[in-house]
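Structure record follows, encoded as structure tokens.
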Amino acid sequence: MKSFIFDIDGTLLDTEAMYIKSLQAILHERGMDRPYAELATTFGIPSRDALIRLKVPDVEKVLALWGPRTQDYRETVAVYPGVKPALRQLKNAGAQLAVMTSKQKFEYERDVVGEGLADYFTQHVIAEDVAHGKPDPDGILLAMERLHADPATTIYVGDTDYDVRASQAAHVTFGFAGWNGKQPNGFTPDVTFARPEDMLNLL
């Protein structure tokens, strides 16, 4: 592989608690007590799709509240162990690195830039860059265009069924970020990485 494109949430950054606890608090205030485990089943997919899947009423209102509320739980965010050294080694070995995420610009700057990850990547694609987010392939295709990458030597590393479907639609290999401690849910990855450094085996 020559080009590695990464999802962010649940792949490079452990942001689950930030998103799920903030949503749980908003729902509680609106008279809806939902278990953390139930809400967490939608972690990693676009926020609007998550609310629809959870059958949350008044989606647009909750969506407007959710983004700003995540800031209250920002201290729970962490880079997964081993991610930064692996990215550094991939970059030093000549691999092209990019991120393609459903995050909006303010989230990208807060989380990716804020956690010191942005400098590892030569390109990034965020929600505002594409008309159709995951599971459509638009984001991966745009990242490949910006990298001048060949689909045959490109891998998208993520953690959800949306990531798998986007990879398949873009005709690239899908790698599961198994270092996040979870198991594939309803899909079969092309390759699973138990540790971030395992990605170096594909060079």
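Just one of (1) surrounded by fewer than 21 Cβ atoms within 10 Å (Cβ to Cβ); (2) part of a helix (DSSP H, G or I); (3) of a type in the set (D, E, K, R) trips up ASP33, so point out which. Unmet condition: (2). ASP129 - would you say it is among the acidic types (Asp, Glu) and open to solvent by 40 Å² or more (accessible area, probe 1.4 Å)? For ASP129, the condition - among the acidic types (Asp, Glu) and open to solvent by 40 Å² or more (accessible area, probe 1.4 Å) - is met.
Evaluation of PRO68 against the conditions (1) surrounded by fewer than 15 Cβ atoms within 10 Å (Cβ to Cβ); (2) at pLDDT 95 or above shows that the sole unmet condition is (2).
Restricting VAL112, VAL62 to those that are part of a helix (DSSP H, G or I), open to solvent by less than 20 Å² (accessible area, probe 1.4 Å) and closer than 17 Å to ALA17 by Cα reduces the list to VAL112.
Run down THR122, THR153, THR173 and say which single residue is free of Cβ contacts under 8 Å to residues at least 40 places away in the same chain, surrounded by fewer than 23 Cβ atoms within 10 Å (Cβ to Cβ), closer than 24 Å to GLY82 by Cα and of a type in the set (Val, Ile, Thr). Break it down stepwise before answering.
Working: THR153 fails: free of Cβ contacts under 8 Å to residues at least 40 places away in the same chain; THR173 fails: free of Cβ contacts under 8 Å to residues at least 40 places away in the same chain.
The unique qualifying residue is THR122.
Candidates in region 156-170 are the residues that are within 19 Å of LEU87 (Cα to Cα) and of a type outside the set (Ser, Thr, Tyr); of these, the one that is most open to solvent (accessible area, probe 1.4 Å) is ASP159.
The values are calculated or read from the model by the stated rules, or taken from the named source; none is laboratory data. Please read these numbers as outputs of a predicted model, since none were measured by experiment. Cβ sites come from the backbone with ideal geometry, for glycine too, and all protein chains shown count toward neighbours. SASA here: full protein model, heavy atoms, side chains in, ligands and nucleic acids out. Shrake-Rupley method; radii C 1.70, N 1.55, O 1.52, S 1.80 Å.
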